[in-house]
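Undergrad: Before anything else, here's the structure in question.
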Amino acid sequence: MLHFCQNMQPIDQFYPLLTKPSKVIITMHQKPDGDAMGSTLGLYHFLKALGHDAVVISPTNWADFLDWMPGINTVIDFEKKKDAALARINDADYLFCLDFNTLSRTKNMEAPLANAKGARILIDHHQQPQTEVFAYGVSDTSKSSTCEMVYDLIMASENGAHISLDVATCLYTGLMTDTGSFRFPATTASVHRMIAHFKDLGLDHTVVHSHIFDNSLENRLRFIGYALLNRMEVLYECNTAIMHITKQDLQRFDIKTGDTEGLVNYLLGIKGMKLGAIVIDRDEERKWSFRSKGAFDVNAFARKHFEGGGHVNAAGGRSDENIETTLHTFKEVLKDYYNQLQ
Ligand code: 5GP
Ligand code: MN
């Protein structure tokens, strides 16, 4: 049975099916961040409590600073255990797709997900979702995080009693990381009410912050210092700060998955900056991250110039050009945005 639906059914149409124990896989975008891992594991603990045979499959590896999360040892890395992952994908009744808008964001899992016989279900807050490939779903760009949307699903389906401390801890992680520790505009009163609920359940938020932010090795801090000193350029006329990280930099400081996370945020810390952009020379591609303040839409910018997308104020992209050329391209393209960036 192929669920290739033109019209994605609203997620509440799925709630009645929650009561029937099923075979479920839950997945997220490649190189999962706190929100991707937090929302998938939060949903995993919840579905297990309802009696489902659930498993989280990550398209790739993840950062060490996520390795403490409740349930992380059950997560299958698609690149490391492809056969086991494919067996679960092909056997699943439901495939939950969290924190991404198009199947291509799952890299090598795109084809297996597209060909799976089970129903795909979307829960996501990115712009322009590929709704035609999902049987059920919810896409809401106003939400702070996918973790918030998983919480909404649990509460709206009247399953609040199944929010265990593990569910709360996982969901808190993504709420915290995707809101920049509760400072971005999407941090609504509902977000704070959700956290009050988690605190009532016994959440230790200090431990979560420590795991995520106080977990660097010395080399990572030296690397950040080096990058700020040597690799940052401030284009005051465009209120833009950019940074580039070369392959040699990554080798010199032994940089691993997750070590560059958050680096782009320093750029917007400079007074007056409206756009921050960082490009990293990865093996397969030059990977861009964009952040903006106010109305400047980096989702549209990344889509138009760097084969990417994301949110209005946080997006990513890529390029096949070498690092010098893609930097040059960026600066050329930026000239067209001079007025918008004043
Ligand atoms: P980051 O810069 O932290 O990698 O990503 C910022 C936001 O943009 C995240 O929500 C992420 O999921 C999204 N994003 C990152 N890279 C891409 C990309 O290549 N394509 C799309 N559509 N979204 C991306
Ligand atoms: Mn997210």
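Undergrad: If you take the beta carbon distance between residue 162 and residue 74 as r and set R0 to 22 Å, what does 1/(1 + (r/R0)^6) give as a FRET efficiency, to the nearest 0.05?
TA: Working from the Cβ atoms, E equals 0.80.
Undergrad: Pop out the carbon and sulfur fraction of the accessible area of the chain as a percent, whole number, probe 1.4 Å.
TA: 50 percent
Undergrad: Calculate the FRET efficiency for residue 293 and residue 190 from the Cβ-Cβ distance with a Förster distance of 22 Å, rounded to the nearest 0.05.
TA: About 0.45, to the nearest 0.05.
Undergrad: Here's another thing I want to ask about it. By how many degrees, between 0 and 90 and to the nearest 10, does the Cα long axis of helix 146-156 differ from the longest principal axis of the chain?
TA: That helix lies at roughly 30 degrees to the long axis.
Undergrad: Measuring from a point 7 Å past the Cα of residue 331 along Cα-to-C-beta, which residues in the range 236-253 have an amide N at less than 17 Å?
TA: 236-246
Undergrad: Okay, moving on. What shape does the range 9-213 take by its C-alpha gyration tensor, where a ≥ b ≥ c are the square roots of the eigenvalues and a/c under 1.5 counts as rounded, a/b above b/c as prolate, and the rest as oblate?
TA: rounded
Undergrad: Okay, moving on. Calculate how steeply helix 218-230 sits against the longest principal axis of the alpha-carbon atoms of the chain, using the helix alpha-carbon long axis, and give the answer as 0 to 90 degrees to the nearest 10.
TA: That helix lies at roughly 40 degrees to the long axis.
Undergrad: Still on this model: So for the chain, Kirkwood radius off the Cα pairs, Stokes-Einstein at 10 °C and 1.306 mPa s: how many µm² s⁻¹?
TA: 77 µm²/s
Undergrad: If you don't mind, there's one more thing I want to ask. Mind checking the dipole of the range 218-337: about its Cα centre, +1 per Lys or Arg Cβ, -1 per Asp or Glu Cβ, Debye to the nearest 20?
TA: Approximately 400 debye in magnitude.
Undergrad: OK, next. Provide the per-residue ³J(HN,Hα) series for the range 24-37, in order, calculated from phi with Karplus coefficients 6.51, -1.76, 1.60 and θ = phi - 60°, each as a whole number of Hz, with x at glycine and proline positions.
TA: 10, 10, 10, 9, 8, 5, 4, 6, x, 9, x, 6, 5, 6
Undergrad: Whole number in Å², please: accessible area per residue of the chain, 1.4 Å probe, ligands, DNA and RNA not counted.
TA: Per residue, the chain has 45 Å² of solvent-accessible surface.
Undergrad: Moving to a separate point now. Nearest-5 percent of antiparallel DSSP beta bridges in the chain?
TA: Of the beta bridges lying entirely in the chain, close to 40 percent run antiparallel.
Undergrad: Explain nothing, just the number: relative contact order of the chain, from Cα pairs under 8 Å at least 6 residues apart, as a whole percent.
TA: So the answer I get is 14 percent.
Undergrad: Explain nothing, just the number: relative contact order of the range 9-213, from Cα pairs under 8 Å at least 6 residues apart, as a whole percent.
TA: 24 percent
Undergrad: Same structure again: Return one number: the angle in degrees, 0 to 90 and rounded to the nearest 10, between the long axis of the Cα atoms of helix 323-334 and the longest principal axis of the Cα atoms of the chain.
TA: Tilt of helix 323-334: around 90 degrees.
Undergrad: What ranking, highest mean first, results for peptides 72-80, 238-246, 23-31, 291-299 when packing means the other Cβ atoms within 10 Å averaged over each residue?
TA: 23-31, 238-246, 291-299, 72-80
Undergrad: At 0.36 nm per residue, and after removing the present C-alpha to C-alpha distance, how many nm does the segment from residue 307 to residue 221 gain when stretched out fully?
TA: Contour length minus Cα-Cα distance gives 27.9 nm.
Undergrad: Could you calculate the FRET efficiency of residue 271 with residue 199 from 1/(1 + (r/R0)^6), where r is the beta carbon distance between them and R0 is 35 Å, rounded to 0.05?
TA: With R0 = 35 Å, the Cβ-Cβ based efficiency is 0.50.
Undergrad: Rank by packing, highest mean first: peptides 207-217, 108-118, 52-62, with packing defined as the count of other Cβ atoms within 10 Å averaged across residues.
TA: Ranked from most to least packed, the peptides come out as 52-62, 108-118, 207-217.
Undergrad: Okay, next question. Within the range 273-290, whose backbone N sits under 17 Å from a point 7 Å along Cα→Cβ of residue 213?
TA: none
Undergrad: Any idea what the dipole of the chain comes to, in debye rounded to 20, about its Cα centre with Lys/Arg Cβ at +1 and Asp/Glu Cβ at -1?
TA: With only Lys, Arg, Asp and Glu charged at Cβ, the dipole is about 260 debye.
Undergrad: Let me ask you something else. Place the peptides 308-316, 176-184 in order of packing, highest mean first, counting for every residue the other Cβ atoms within 10 Å and averaging per peptide.
TA: 308-316, 176-184
Undergrad: Moving on. What length, rounded to one decimal in nm, is gained on full extension from residue 246 through to residue 142, with 0.36 nm per residue of separation minus their alpha-carbon distance?
TA: Net length gain for the segment: 34.0 nm.
The values are calculated or read from the model by the stated rules, or taken from the named source; none is laboratory data. What you see is a predicted model, and the numbers here were worked out from it, not measured in a lab. Cβ coordinates were reconstructed from backbone atoms using ideal geometry, including for glycine residues, and neighbour counts include every protein chain displayed. Keep in mind that these areas ignore ligands, DNA and RNA; they rest on the heavy atoms of the full protein, side chains included. Shrake-Rupley method; radii C 1.70, N 1.55, O 1.52, S 1.80 Å.
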